[in-house]
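The values are calculated or read from the model by the stated rules, or taken from the named source; none is laboratory data. Since this is a predicted model, take the numbers as computed values, not measurements. Quick reminder, even Gly has a Cβ in these numbers, built from the backbone with ideal geometry, and neighbours come from all protein chains shown. Ligands, DNA and RNA are excluded from the accessible area calculation, which covers all protein heavy atoms including side chains. Shrake-Rupley method; radii C 1.70, N 1.55, O 1.52, S 1.80 Å.
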Amino acid sequence: MARSPIHEGVRPGKPFGRQAVWEAIRARRDSFALDDLAKATRQPADTIRTYLGCLEKGGYIACAGTLPAKSDMVGVRAGAQFAAKLWRLVRDTGAEAPRLRRDGTQLPVTVRELMWRAMRMLKGDWTWRDLAIAASVDDQVVSEVDARDYCKHLLAAGYLVVTHEATRGGRLGRFGAPNRLRLIRNTGPRPPMVQRLQTVFDPHLGKVMWQEAPHDD
């Protein structure tokens, strides 16, 4: 089954997925149940249950007791025993939801996270070649191809502006020296997401910022 675009069902301006669950946990840090999180976030019980399991294995939350299972609990569909647990937050790492595997270990930073972080730190204007260098770290090199592609999408979505056009070969200098760019829309630490359907989705704003126009066959 094809995976649905991540923006489907997202309320504009509202957190979604694991980020919504994490924010609800921080707001109820001393005592919360799966059902509390489901009602607060409107996220699927399976999504919440999986993330709670990751957080428990990673040492972010701990069991704080149990509740009698009720037939009207949202989490019962995902397992009555799990839904009956009470939890408490024991390791608060800040506003950004921990990105964890199922065994609780930290997921590596993605290439786009590295590029977005570098864009937000770079001063003045820069090229996609500059971005590839600035975003690379010791154990993860950002390629010029990835940097150019991400800049292309963020330029189309209005996050970047061309400050100096170096060539007539294209908006990003496809056939010559790259154009100089500047970040003009910094919506937060989570990078805008380029989806398979050629859209740019902003996780902070909860909406699609750009979608590629359909092509005539």
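Report yes if Q43 is in a loop (DSSP other than H, G, I, E, B), modelled with pLDDT of 70 or more and buried (at least 16 other Cβ atoms within 10 Å of the Cβ), otherwise no.
yes
Name the residue that is most open to solvent (accessible area, probe 1.4 Å), counting only residues in region 170-187 that are closer than 17 Å to W210 by Cβ and modelled with pLDDT of 90 or more.
Restricting to residues being closer than 17 Å to W210 by Cβ and modelled with pLDDT of 90 or more, the top hit is I184.
Could we say that G124 is touching a strand residue (DSSP E or B) at 6+ places or on another chain (Cβ under 8 Å) and at pLDDT below 95 here?
Yes: the conditions hold for G124.
Could you pull out the residue among W128, W87 that is over 23 Å from V21 (Cβ atoms), touching a residue at least 40 places away in the same chain (Cβ under 8 Å), open to solvent by less than 40 Å² (accessible area, probe 1.4 Å) and over 20 Å from the mean Cα position of the chain (by Cα)?
Result: W128 is the single residue among W128, W87 that is over 23 Å from V21 (Cβ atoms), touching a residue at least 40 places away in the same chain (Cβ under 8 Å), open to solvent by less than 40 Å² (accessible area, probe 1.4 Å) and over 20 Å from the mean Cα position of the chain (by Cα).
Going through region 8-67 one residue at a time, which ones are of a type in the set (S, T, N, Q) and either under 17 Å from L100 (Cβ atoms) or over 17 Å from the mean Cα position of the chain (by Cα) (or both)?
The answer is Q19, S31, Q43, T47, T50, T66.
Only one of these conditions is not met by T167: (1) among the polar types (S, T, N, Q); (2) under 25 Å from P108 (Cβ atoms); (3) at pLDDT below 95. Which number is it?
The failed condition is (2).
Identify the residue in region 14-30 that is among the hydrophobic types (A, V, I, L, M, F, W, C) and part of a helix (DSSP H, G or I) and, among all such residues, is most open to solvent (accessible area, probe 1.4 Å). Reasoning before the result, please.
Of region 14-30, the ones among the hydrophobic types (A, V, I, L, M, F, W, C) are 16, 20-22, 24-25, 27.
Okay, now just the ones that are also part of a helix (DSSP H, G or I), so 20-22, 24-25, 27.
Details: A20: 7, V21: 0, W22: 0, A24: 8, I25: 0, A27: 80 Å².
By that ranking, first place goes to A27.
Consider region 125-143. How many of its residues are part of a loop (DSSP other than H, G, I, E, B) and hydrophobic (A, V, I, L, M, F, W, C)?
2
Given the conditions (1) modelled with pLDDT under 95; (2) open to solvent by less than 60 Å² (accessible area, probe 1.4 Å); (3) in contact with a strand residue (DSSP E or B) (Cβ under 8 Å, 6 or more places away or on another chain), report the number of the one that P108 does not fulfil.
Here P108 clears every test but (2).
R117 is checked against (1) at pLDDT 95 or above; (2) open to solvent by less than 80 Å² (accessible area, probe 1.4 Å); (3) within 16 Å of the chain's Cα centre (by Cα) and fails just one. What number does that condition carry?
Condition (2) is where R117 drops out.
Of everything in region 51-84, what is assigned to a helix (DSSP H, G or I), modelled with pLDDT of 60 or more and under 16 Å from F32 (Cβ atoms)? Give them in sequence order.
Just the residues of region 51-84 that are assigned to a helix (DSSP H, G or I), to begin with: 51-57, 74-78, 80-83.
With the extra rule that they be modelled with pLDDT of 60 or more, the set shrinks to 51-57, 81-83.
Within region 51-84, Y51, L52, G53, C54, L55, E56, F82, A83 qualify.
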